[in-house]
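The values are calculated or read from the model by the stated rules, or taken from the named source; none is laboratory data. For clarity, every value in this text was computed on a predicted model and none was experimentally measured. All Cβ positions, glycine included, derive from the backbone under ideal geometry; neighbour counts span all protein chains shown. In case anyone asks, the SASA skips ligands and DNA or RNA and just uses the protein heavy atoms, side chains included. Shrake-Rupley method; radii C 1.70, N 1.55, O 1.52, S 1.80 Å.
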Amino acid sequence: MPRITLPDGKVLEFPQAVTGQKIAETIGPGLAKRAIGVKIDGTEILDLARPLANDCTVKIITAKDDDPDALFLLRHSAAHVLAEAVCALYPGTRLAYGPPVDEGFFYDLKTPAPISEADFPAIEAKMQEIIAANRPFLRCEYTPAEGLQRTAGDIYKTDNAERALAKGSSNLSFYVTGTPGQDWEDLCMGPHVPSTGWLKASKVMAVAGAYWHGDQNSDQLTRIYGTCFADEKALKAHLNRLEESKRRNHRKLGKEMDLFHIEEDNPGQVFWHPRGWSIYVALQDYMRQKQRLSGYVEVHTPSVMARSLWETSGHWDKYRENMFTTESEKRDFAIKPMNCPGHLLIFKQGLKSYRDLPMRIAEFGSCCRNEASGALHGIMRVRGFVQDDGHILCTDAQVESEVAGFCRMLTEVYADFGFGIDRIAVKLATRPAQRIGDDATWDRTEKALGDAVVAAGLKYTLSPGEGAFYGPKLEFTLVDAIGRGWQCGTIQLDPNLPGKDRFDATYVAEDGSRKNCVMLHRATLGSLERFIGILIEHFEGKFPLWLAPEQVRMLPISDDQLPYARQIRDRLVAAGMRATIDEKPDMLGAKVREARLARVNYFAVVGGKELEAGAVALQNQAGEKLGTLSVDDFVAKMLTEIAEKRLPASMTGAKG
RNA sequence: GCCGAUGUAGCUCAGUGGUAGAGCAACGCUUUCGUAAAGCGUAGGUCGUGGGUUCGAGUCCCACCAUCGGCUCCA
C-alpha cells in the first residue's frame, strides 16, 4: 500500500503498486497527458509505466525544455530512435552504447560501411518515420541467463550486460519500440519516454570516431551525435546558439581581424601579427602587475634544459613523449614543457630560511609540448605557448592561506574580463587510486584547498579521484558570454617535486633543522594563447578598450584635415594608446563602415567644423554617436576608460 | 595518433573529364566627399603536395601534409 508524496507535500495512498501514469491521472488529466516519466525520491528517473510498490516521493516529469530530467529522458529515447533508424538503413549495424550528454546524445555503433554527413537526411527521415508511428517504448525484463542469451554473439552488448550484472543488477532489461519479437529492441536499463511520438524535435548533428570504452587499443566505433528537445522552438534556439559559436570562432575572427596565423608547414605554433601581439602584450603587462602586487617575484628560466634535470624532475620518464628533445655533443636536451623544475633550481640557489617562505615565483614561461596532431585546435590547443605560470614554495602550514590568496587574486583578475563570481565554476580534484602519501595528509590537504576556495567567496564541486598522484588540485572554469565553459586557472599541491627524491628543496626551520618545502603549481589565465582565444570568442572580437588592438581610428573627411588628424593621433600614441588614421580618399560612410567592421573601439571624425573648433566627432564600434568633444576631453575620456578597464555594459559579469 | 569530412586568387566561394571564374580586398586613374560600401580600369592561380589512370585531370584513383568535427589527451 504505497504512500506517494508529491513535491507540494500532498500524500496519495494507493491500495497496491501504482504506475507514474496512474499517479499523474489521479492528480489531473492535463498532467497525465504531458507526463513522460517520474523522478523517485529526487534521484532515480523511471518510466511512467513502471509500478511503484514502496512509499516514496514522486515528481511527475513533463516534456519541458528547462527541466534537465525531461531532456535526459527525451535524449536517451531519441538515441534509441537514431540507433533503430541506422539499423534499419544499414543492416549489419551493431550497437555499442548510446547515452544522453550535455547538449544531446550520441550512439556508438559499428556500421558495415562508413557513415558521413551525406547519410544524415536519410537517417533523419527514418527517425521521423519512427517518431510519426508513435510506437511505445516497452520495457522487457529477463533473468541474467535469458538476457545474456539474447545478447549472445554481440560482444558490445554482452559486455554491457556483464557490466550491468557486475554492478548488481538482478535482471537484464531490454526496450522494444513497439511489439516485442517484432520491432527493434536494445539492451538498456532505461528510462524512456512512453512512446516515440514525444521525440519530434530531434536532429542528427555530427558523426565522429570513438573508441570502445574510450580505449585507444580497442575497437574504433562510429559515434553519431544528435540532439532532442521538448519542442521545435527549443531545438531552433539550440541551433541558433551553435551558429553564434561559429560567428565567434577565434580562428575566423583572428583572420578577419589580422591577429595571428599558423603556418601549414609548422602546425601548432602561433605567428602573432602586430594587432594580435598588442593584445598579448597588454594581457601580459596586466598579469605582471597583478602578480607583482600579490607578492610574486618574476624570473626567467632556460627553454632548453639537459636530460639530467628532466630525470630529476621525473619528466624524462613520465612525460617524454610530450617533449621535444634534441642533442648537442652527445648530450640529450629537452625543450621545457613546464617551468616547475627551473623554478625549483632558482629556489635552491643559496640557503633559504623559513623567513623566506612563502616564496612566490612567477614566469611567463614559454613551453613546448608535442601534442598529438589531432588534438591541435586553433590557438586554443597548440604545441608552443606561454603560461602565466607560478610556483609557491612554502610550508605545510602556509598552504591554506596561500591557496586562499591565489583564489582572491584569481577572482579579481577574472572580474576584470567580465567573469564575475557567478561565472566561475571551481572543481576540487581529490585523491586518485594510484597515489603517494598517507590518507591523513590527503584528508588535511583536500580540506585546506576546499576551505581556501570558500574563504575567497567561491563555491566548489568535487571531482573525486581526479587529483594528481602527489596531491589535490583546484580547477577554475570560466563561463563565457554564450554559456560555454573554459577551464583556465588551476592550483595544485605538490610535496613530491620539492621532496627528497626529486629536487630536495629545503629551508632552515625555526629550530635550525632542514625541512623540505611543499610547492603549489598555479596559473590564472593558463596559456596566454588559449586565454586570448577564449577572450576573442567571449567578446566576439569586440575587446574592451584597454585590450583592444586598435583603440581609436581618426577619420578625416578630406585631405585638408589630415595634418590635424595626425596631430591628434600622435598625441594619443604619446599617451600610450593604439591609434591610427584612415588616410584613404574614401567617403566618410566607407571609412565608418570599415572601422566598424574592423572592430575599432572609437572612431573620431574630423572635418572642417572639428578642425575649426579643435574638436572631434566621436562614434563607437556599436554605432552610437557620442557627440563632439574637445581634443582634451576626448583624450581624457579614452585614458579614463582604459584605466578603469571598463567593459561593455552587456559584459559586466552577470549571467545573461 | 585514431575515425569522418574538407583543401580553387589575400578573403568568401562557384566550377560533375575538354581554354581556371565571381564578389570583396589590392593596385592605377578620376572623385575630396559629414557617419555602414563613389566610378572606371588593371593585375592576381603549378586548383594543399607527390604519384597514377586518361588523348586530356581542379574534377577519377592512391599516398602524404594541413585544417575542421569528434575520440584520446590537455593549458
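Quick one: net charge around A:G437, please, counting Lys, Arg +1 and Asp, Glu -1 for every other residue with C-beta under 12 Å from its C-beta.
Numbers: positive: A:R431, A:R435, A:R444; negative: A:D396, A:D438, A:D439, A:D443, A:E446, A:D494.
The answer is -3.
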- Item | Pair A:T628, A:N370: separation of 7 Å Cα→Cβ label points (nm) | 6.6 nm
- Task: Grab the Cα-Cα distance for A:S169 and A:N217, subtract it from 0.36 nm times how many residues apart they are, and report the gain in nm with one decimal.
- Result: 14.4 nm
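Excluding ligands, DNA and RNA, what is the solvent-accessible area per residue of segment A:552-652 at a probe of 1.4 Å, expressed in Å²?
Working: 5220 Å² over 101 residues.
For segment A:552-652, the per-residue accessible area is 52 Å².
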- Task: Report ³J(HN,Hα) in whole Hz for each residue of segment A:285-293, in order, from the Karplus equation J = 6.51 cos²θ - 1.76 cosθ + 1.60 where θ = phi - 60°; Gly and Pro get x.
- Result: 4, 4, 5, 4, 5, 4, 6, 4, 6
- For a quick protection proxy, order the peptides A:454-462, A:198-206, A:150-158 by their average other-Cβ count within 10 Å, most packed first. A:198-206, A:150-158, A:454-462
- Cross-link reach from A:K348 to lysines, straight Cα distance under 24 Å and at least 8 residues apart if same chain, gives A:K318, A:K336, A:K500, A:K515
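Can you compute the charge dipole magnitude of chain A about its Cα centre, using +1 on each Lys and Arg Cβ and -1 on each Asp and Glu Cβ, nothing else charged? Give it in debye, rounded to the nearest 20.
Numbers: 81 positive and 88 negative charges, 111 e Å.
For chain A, the charge dipole is close to 540 debye.
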- Message: I'd like the projected area of segment A:18-175, averaged over all directions, using the convex hull of its alpha carbons. Report it in nm² with one decimal.
- Response: 10.8 nm²
- Averaged per residue, what accessible area in Å² does segment A:64-155 show with a 1.4 Å probe, protein chains only? 46 Å²
- Item | Cα centroid separation, segment A:1-76 to segment A:372-412 (Å) | 46 Å
- By the mean-Cβ-within-10 Å protection proxy, highest first, A:345-355, A:520-530 rank as A:520-530, A:345-355
- Item | Protection proxy ranking of A:183-195, A:363-375 - average other beta-carbon atoms within 10 Å, highest first | A:183-195, A:363-375
- Task: Calculate the spin-label point distance for A:A575 paired with A:R292, positioning each point 7 Å from the Cα along the beta-carbon direction, and give it in nanometres.
- Result: 2.2 nm
- Note on the structure: With all protein chains in place and a 1.4 Å probe, A:D389 shows an accessible area in Å² (nearest 10) of 10 Å²
- Compute the separation of the alpha-carbon centres of segment A:216-255 and segment A:570-646 and state it in Å as a whole number. 39 Å
- Item | Calculated from backbone phi, Karplus (6.51, -1.76, 1.60) coupling profile of segment A:155-162 in Hz, x at Gly/Pro | 4, 6, 5, 4, 4, 4, 4, 5
- How far, in nm, would the chain grow between A:K330 and A:K645 when pulled straight, counting 0.36 nm per residue and subtracting the alpha carbon separation? 108.2 nm
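State to the nearest 20 debye the size of the charge dipole of segment A:68-245 about its Cα centre, where the only charges are +1 on K and R beta carbons and -1 on D and E beta carbons. Walk me through the numbers before you get to the answer.
On the way: 16 positive and 23 negative charges, 39 e Å.
Value, rounded to 20: 180 debye.
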- Message: Of A:Q21, A:L6, A:I40, which is farthest towards the positive pole of segment A:3-62's charge dipole, taken about the Cα centre with +1 and -1 on the beta-carbons of Lys, Arg and Asp, Glu respectively?
- Response: A:Q21
- Query: In the structure shown, do any of A:K157/A:K203; A:K255/A:K459; A:K233/A:K542 have a Cα-Cα gap over 32 Å, and if so which?
  - Reply: A:K255/A:K459
- Task: Take the Cα atoms of segment A:64-135, find their three principal axes, and give me the spread along each one in whole Å, biggest first.
- Result: 37, 24, 21
- Positive-end residue of A:I534, A:V552, A:P267, charge dipole of chain A with Cβ unit charges: A:V552
- In segment A:3-62, what is the volume of the convex hull around the alpha carbon atoms, normalised per residue and reported in Å³? 69 Å³
- Message: Leaving out ligands, DNA and RNA, and with a 1.4 Å probe, what % of the accessible surface on chain A is carbon or sulfur?
- Response: 51 percent
- Task: Once you have the Kirkwood Rh of segment A:552-652 from its Cα pairs, apply Stokes-Einstein at 4 °C and 1.567 mPa s and quote D in µm²/s.
- Result: 95 µm²/s
- Task: Please report, to one decimal in angstroms, the Kirkwood hydrodynamic radius of chain A built from all distinct Cα-Cα pairs.
- Result: 29.3 Å
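On full extension of the chain, what length is gained from A:I155 through A:E124, given 0.36 nm per residue of separation minus the C-alpha to C-alpha distance? Show your work: numbers first, answer last.
Working: separation 31, 0.36 × 31 = 11.16 nm, distance 2.74 nm.
Result: 8.4 nm gained on full extension.
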- At the level of C-alpha centres, the distance separating segment A:88-131 and segment A:289-330, in angstrom, is 47 Å
